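Computed from the coordinates by the stated procedures, all read-outs in this text should not be read as laboratory data. Just so it is clear, the model here is predicted, and its values are computed rather than measured. All Cβ positions, even for glycine, are placed from backbone atoms using ideal geometry, and neighbour counts span all protein chains on display.
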């Protein structure tokens, strides 16, 4: 079985303003076989600096059904959580998400079978893409 590209993000929520729209969108991606959640952790820092960490299987408290998110493997370490927490100001929170891009697994498998080796990859910031697309549209 080919393994698709594995990605991670850390998404901040200033003022602990986490809205539940993210959970259904993620569950839809999982349900449609687009991604597989490998790990998901929510970290919140109180105004007093106290840290609250919710693991994947505890996220029902946030309105996220862990059964709809995939089969988390627990890839994130205590060091990963500490790193994210260090960047949080009091009164803010973050979600750490690791997922496999199932949609790309067949392509990546074919690339590997052909002797291909990934030399570089990256993510283009949305601001750059929006500017490039607007420039293209303008002619």
Based on the mean of other beta carbon atoms within 10 Å per residue, what is the order of 109-119, 33-43, 18-28, most packed first? 33-43, 18-28, 109-119
Taking the Cβ-Cβ separation of residue 104 and residue 50 as r and a Förster radius of 30 Å, what is the calculated FRET efficiency to the nearest 0.05? 0.15
Scaled radius of gyration (Cα, divided by 2.2 N^0.38 Å) that the chain gives: 1.22
Quick one: angle between helix 78-87 and the longest Cα principal axis of the chain, in degrees between 0 and 90, rounded to 10, please. 80 degrees
So what is the calculated 222 nm ellipticity per residue for the chain, using -39500 (n - 2.57) for each DSSP H run with n of 4 or more, over all residues, to the nearest 500 deg cm²/dmol? -9000 deg cm²/dmol
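Compare the peptides 126-137, 77-88 by average per-residue count of other Cβ atoms within 10 angstrom and give them in order, highest first. Intermediate values should be presented prior to the final figure.
Numbers: 126-137: 9.2, 77-88: 13.7.
The packing order, highest mean first, is 77-88, 126-137.
How high is the relative contact order of the chain, in percent, counting Cα pairs under 8 Å that sit 6 or more residues apart?
In percent, rounded to a whole number, it is 39.
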Using only Cα atoms and rounding to the nearest 10 degrees, what angle (0 to 90) does helix 22-31 make with the longest principal axis of the chain? 40 degrees
Contour minus Cα-Cα span, residue 32 to residue 3, at 0.36 nm per residue, comes to 8.7 nm
